[in-house]
1. Going by how many other Cβ atoms sit within 10 Å of their own, how do A:Thr429, B:Thr89, B:Thr49, B:Thr183 line up, fewest first?
2. Only bridges whose two residues both fall in the protein assembly as shown count here: according to DSSP, what percent of them are antiparallel, nearest 5?
3. So for the protein assembly as shown, considering every pair of alpha-carbon atoms, how many percent are separated by more than 46 Å?
4. Show me, for the stretch A:126-136, the HN-Hα J-couplings you get by feeding each phi into the Karplus relation (A = 6.51, B = -1.76, C = 1.60, θ = phi - 60°), rounded to Hz, glycine and proline as x.
5. Mind checking A:342-351 for the average number of partner chain beta-carbons within 10 Å of each residue's beta-carbon?
6. For the stretch A:374-480, run through the GluC sites (Glu not before Pro) and keep only the ones in DSSP coil with at most 13 other Cβ atoms within 10 Å of their Cβ.
7. Calculate one ³J(HN,Hα) per residue across the stretch A:93-105 by plugging θ = phi - 60° into the Karplus curve 6.51 cos²θ - 1.76 cosθ + 1.60, and present them in order as whole Hz with x for glycine and proline.
8. What angle, in degrees between 0 and 90 and rounded to the nearest 10, separates the Cα long axis of helix A:173-188 from the longest principal axis of the Cα atoms of chain A?
Amino acid sequence: MNKVIEMKGITKIFPGTIANEDVNFDLLEGETHVLLGENGAGKTTLMNVLYGLYQPDKGDIYVDGKLEKILGPNHAIKLGIGMVHQHFMLVNNFSVAENIVLGLEPVKGIKLNLKKAIQDVRTLSEKYGFAIKPEDIIEDITVGQQQKVEILKALYRGAKVLILDEPTAVLTPQEINELGIIIKNLEKEGKSVILITHKLKEVMRMSDRVTILRRGKITGTIKTKETTMDQLAELMVGRKVNFTIDKKPQVVGTEMLRVENLIARDRRGINVVNGLSLTVNSGEILGVAGVDGNGQSEFVEVLTGLRKAQSGEISLYGKDIYGKTPRQISECGISHIPEDRQKRGLILNYSLFENSVLGLHRKSPFSKGMVMNYKAIREYCKKMIKDFDIRTPSDEVSASSLSGGNQQKLIAAREISKNPDLLIASQPTRGLDVGAIEYIHRRLVDERDKGKAVLLVSLELDEILALSDRIAVIFDGKIVAIMDRKDATETKLGILMAGGSLEESKEEVKNFE
Amino acid sequence: MNKLKNSILKGLKKIAYPVCAIIVAIFISVFFVIWAKEDSVFHYFSTLTDLFSVIWKGSFATKRQAFTTLEYITPLIFTGLANAIAFKTGLFNIGVEGQFMMGMLAAGIIGVIPGLNVFIHIPLMIIGGMLAGGVWGSIPGYLKAKLGINEVINSIMMNYIALNIINLLILRTAIGEQRKAATPIIQISAMIPRFNNLSRANIGIIIGIIFAIFVFWLLWKTTIGYELRAVGNNPQGAEYGGINIAKNMIIAMGLSGAIAGIGGALQVSGILHQVQNFVDLPGYGFDGIAVALLAKSNPIGCIFAAILFGTLNSSSKILQLNDIPKQIVYLIQAVVIIFIATDYIVKYFKEKKKKKVIVNG
């Protein structure tokens, strides 16, 4: 088969880091090729080089066997290379068709020929099996559909090669399946697809070949049929990875947290938490599954006192904590691993030891009266660094100098060391590498085994399924279902996450199982 | 041993940029001196040495000059510290000027009370100045914290409110002496000791240094400082850590104003001995911004930055006598500030660039 793209010896250096070092990559006609690697491995950089966003410091790019110097995205599109970024670039109040033809509008005289645009888009979307209406307005359609619009946009511009950057991050399981079908259709039409991802399951399901990057270097290019998830993980991380988490049999204790009919608004004044109720018991991990933007962030902020609720009841161990300040709530025995570690969880310019007592800085022995006891603080921090295996040259460096995984470990260490009754973990492993994820998961399960209540909010369904004892599905600011882990399947959760009901979708559930 | 070496290196690195800024500022200002004197550029080095020797002559050459220079340095230490505290909390207190003036007014009023012991009278004046400045600073702090009104604009306006209130009180009420456009001379018991008769320099500078050490201790060794700096560095992170942002903003502005107010009180107690009608803002607070910027908001650094700017101010009269326009002093200050500001901008963009790289993985 023809090589549509060949990248030879690509090296791209950023100040302080080598993002890509002597990388070779090729793409055959009609294949789906996954670029696999942890965060920061250089996947996106490599593709940005191919798309002309960056110029490589060394190396050549061949398109259809011809040496090309790709000067920018427009040039890349001319060569038939299209890219769908992680964050969509669509005009929200335009229709689907208008967005797709934007920049290449069919015209009649000096007027936009909208009829033809709609017709063109319809033909194109039917050809590849997109179920999409050209007349819909972007802000009214789901994120999954918006992604399809982005793909169509690239196809409309004549792309033969499609680069999809982390396409599944924002999708429900059903939408991921649909994406799989679309990719198959693209292959049939002779298009080639490059998928950037760090999720092994998708690699196995969707691709023909995999190229694995680790720290900017290629560690292997393999045919998907000839490999296993374990092998891929090892190539990606550089060591064996344990996928399953051992959990002790559950000892459910008393009810710790009770939330009833909670209503809270976001910045725009919309009720994003809209009548939410749930309970968390000691000795269990309750996972809250849901697609991003269904009120998870606001719910956690209300629980921890960072956001004011409109109405509702929240109690911890029978004690009313509704409307209390973050400090009061923390003193009641709630620890919180926030979803944004750099914005919330840490004072980045503070040293590790100063960060290690954030929220505890007024407590003995860390301060006496108004004087801080830095000797005690540093001892405490050094113990944390040792116990939680935080990789750092010393406790004096600023938190900003740590890697994401170690920053998260520091936060987890601080919050777990508070010895809370309830631990709230909001997307505790977002953006972390496999090793750090494994570690954080272990620690959360340990807390549960110790009889603590753990509330886990995550967008990663795999994480929810791996850790939870019970699973609550959040949709549109409400908990639409709570089920035991053993009753939950990806399909069921997916339907609920998308706002469907299990009654109506019985057929679908059966078909999948 | 190694550790000591490391910390010395670290310290040197920290002061390297401000020092470079000063050197470049002098380098540039020499051109302006040449221009003003209509001299040839080829006399660059002679002009440079001229400028230096005049500045030296004007500030430290004689004992009298040296002590006079101390007069200029003292208020700048206080206003520099006041600005530094606000900067550390992520606030910009342009109102140090007004807070300083309110401190002066309070001291001017308390200072005329007759029949008090020195040991009561002087502390009373200092406390009076502290309260006046503190209240004046807390007002924009409160408005920022509770209503979200920009503290920069409010504190600028508060400067003019202070100016006009003081003038009103001095010119139109019994607080001012009739037909004198000033408050009466304060009691002997309200005057802090001067070093000698050569100048008005007084032990206020020692109090200033003590306060610099106090602010350093407050910012880095206490829970108050921990919270203030946390709010300055990352308000959302601070909020998450149970720190009340609104309260700390008010505390920071209040503390900042209080220190400015003490500076004002000492200015009256040690140097002026009365408060005169203000034609315009006296400028100590604005110079304090420059001091804090050059010191990178480090309280100890404020002492040295105040010495530099105080020396320049002190030499401005002599410069005039030597055909060098005294504005050259402001020019040096301005260039220093521009360079310091550039450093902040460069850092800002560096961080932005770094973030971009991370985002793109």
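1. Listed from fewest to most nearby Cβ atoms, that is B:Thr49, A:Thr429, B:Thr183, B:Thr89.
2. Of all bridge pairs located within the protein assembly as shown, approximately 60 percent are antiparallel.
3. So the pairs more than 46 Å apart make up 42 percent of the total in the protein assembly as shown.
4. Those phi angles translate into 5, 4, 9, x, 7, 8, 9, 9, x, 7, 5 Hz.
5. 6
6. A:Glu396
7. 9, 9, 6, 4, 4, 4, 5, 5, 8, 3, x, 10, 4
8. Taking the Cα atoms of chain A, the angle to A:173-188 is about 20 degrees.
We did not get these values from a lab; they are worked out from the coordinates using the rules stated. Note that this is a predicted model, so its numbers are computed, not measured. Reconstructed Cβ throughout: ideal geometry from the backbone, glycine too, with neighbour counts over all protein chains shown.
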